[in-house]
Amino acid sequence: MFTKKCVLFLGLLLAVTGLAVAQGVEMRVFTVGTRTIHWFANTTGQTVTGFRIAFDQPVTLTGKIEVFGGLQNVTGVSEGTEFVFVGRVAPGGFVELRWEPMGTEPVLVMWMSGDRPAGMPYFATVSALIKVISGGLVMLRDADPMAFTALLTEFFTVNATLASSLGQLGLSPEILSGMLMIAPAEGVENLLTTLVSSFGLDTVEKFMGALDWSLIFEALGL
């Protein structure tokens, strides 16, 4: 079986039609006959213990194969907008997924190490990026509220112009920090989504370029 997979790997390399790399996720898209196949390689440099993928519309998973590892679908369903798999995939290993409708592309692809991201995920939309950041911030806050407060203070210091932008919305760094300290994960996500929309950050490029996110990303392990 392993040999057959390797032969398939070499053969499909000749049919590559797309590639996306995100410092941890390498995504290749193949067309084989009437089928579209997606491969997600582990380029994090470490053995990962989970895999998360999300779409902007419902899909039905129709096939899964792993090389240099194994993953189980812990969502328990084959139809939906988001799926989480747990197991182990070695560095350089990959998972092959097939789904329908075939033209639907993922908006989030992320390797996991426990409950945390491993390497930089692949984001296609701002909403997918906000979802990961929101969940990560809540985990940090619940684990160590004082360290979370210090992180927010340093983030606002590094992004000194953010205070004036918030002022235009009747907010301040202190008010926003207070909201982030008490809101549940869904509330944090809704709050950040509203702010991003108000600032017109409707693409990942605009989102990443608007502020220095390095402190947040480092704290989240991205």
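The values are calculated or read from the model by the stated rules, or taken from the named source; none is laboratory data. Small disclaimer: the values here were computed from a predicted structure and weren't measured. Every residue, glycine among them, receives a Cβ derived from its backbone with ideal geometry; neighbour counts consider all protein chains shown.
Among the residues of the stretch 114-130, none is identified as among the basic types (Lys, Arg) and under 8 Å from the mean Cα position of the chain (by Cα). The condition of being among the hydrophobic types (A, V, I, L, M, F, W, C), part of a loop (DSSP other than H, G, I, E, B), touching a residue at least 12 places away in the same chain (Cβ under 8 Å) and surrounded by 14 or more Cβ atoms within 10 Å (Cβ to Cβ) holds for only one of 140, 215, 201, 192, that being 201.
In this structure, residue 116 qualifies as out of contact with any helix residue (DSSP H, G or I) (no Cβ under 6 Å at 6 or more places or on another chain), modelled with pLDDT under 90 and either in the same structural domain as residue 28 (by TED's automatic domain parsing) or within 30 Å of residue 206 (Cα to Cα) (or both).
Going through the stretch 44-60 one residue at a time, which ones are farther than 23 Å from residue 24 by Cα and either in contact with a strand residue (DSSP E or B) (Cβ under 6 Å, 6 or more places away or on another chain) or in a loop (DSSP other than H, G, I, E, B) (or both)? Correct list: 58, 59, 60.
Go through 18, 76 for me and flag whichever is small (Gly, Ala, Ser), modelled with pLDDT under 90 and part of a strand (DSSP E or B).
Just one listed residue meets the conditions, 18.
Taken together, 155, 148 contain a single residue that is among the aromatic types (Phe, Trp, Tyr), crowded, with 17+ Cβ neighbours inside 10 Å, out of contact with any Lys or Arg (no Cβ under 9 Å at 6 or more places or on another chain) and assigned to a helix (DSSP H, G or I), which is 155. In the set (1) assigned to a helix (DSSP H, G or I); (2) at pLDDT below 90, residue 171 fails one condition alone, (1). For the stretch 57-100, the candidate set comprises residues that are closer than 18 Å to residue 125 by Cβ and in contact (Cβ under 8 Å) with a residue 40 or more places away in the chain; within that set, the residue that is surrounded by the most Cβ atoms within 10 Å (Cβ to Cβ) is 59. Scanning the stretch 131-145 turns up one or more residues that are over 22 Å from residue 84 (Cβ atoms) and more than 20 Å from the chain's Cα centre (by Cα). Would you check which residues across the stretch 73-87 are more than 21 Å from residue 132 (Cα to Cα) and under 18 Å from the mean Cα position of the chain (by Cα) and list them? Passing the criteria: none in range. Filtered by the rule that a residue be within 17 Å of residue 134 (Cα to Cα) and of a type in the set (Ser, Thr, Tyr), the stretch 187-202 gives 193, 194, 197.
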